[in-house]
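Shown next, in structure tokens, is the structure this report addresses.
Coordinate-derived values only; no laboratory data. What you see is a predicted model, and the numbers here were worked out from it, not measured in a lab. Quick reminder, even Gly has a Cβ in these numbers, built from the backbone with ideal geometry, and neighbours come from all protein chains shown.
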């Protein structure tokens, strides 16, 4: 007898999950308790990643603390099953979200690394700070953007050399000293 022809190369072999039947049943019970508490399919509305991550950590923390019961008191289900449910929901959201940036992805991100180029001392200044600086010091002066950027680069270079002798917002016509007002 010959088996039917199937093209399954590269497809996930979901039968591996059968080895965790009891764990799957416990996670399914968590789903059922959630449907009773909120409403069936409520989780499909989505939620911020941080809520799912925090809930998973809390349940794992309760399980990790041997002084705590293994089961969540309200649902009666295992804390690890609750953590797994949160992690499965997080994974599903992340895998199925096609919009960039992902609107529910509210994880904390480190500030961008500052890349230094010896040939360009201006490069270290993040563009957001530069934009705020330009707006604060030059928006009212009527200069073009290119003029503002050139002037700011010069001031930054002078600052890095220690040669900045005037307030960056102060124009040379109002500068005190030789040839300027007293």
Q: Can you check what the Kirkwood hydrodynamic radius comes to for the stretch 17-96, Cα pairs only, in Å to one decimal?
A: 13.1
**Q.** Full-stretch length increase - residue 13, residue 160 - with 0.36 nm per residue and alpha-carbon distance subtracted
**A.** 47.0 nm
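If each residue's Cβ is checked for other Cβ atoms within 10 Å, how do 3, 65 rank with the fewest at the top? Before the final figure, lay out the partial values.
Working: 3 5, 65 10.
Starting with the residue having the fewest Cβ neighbours, the order is 3, 65.
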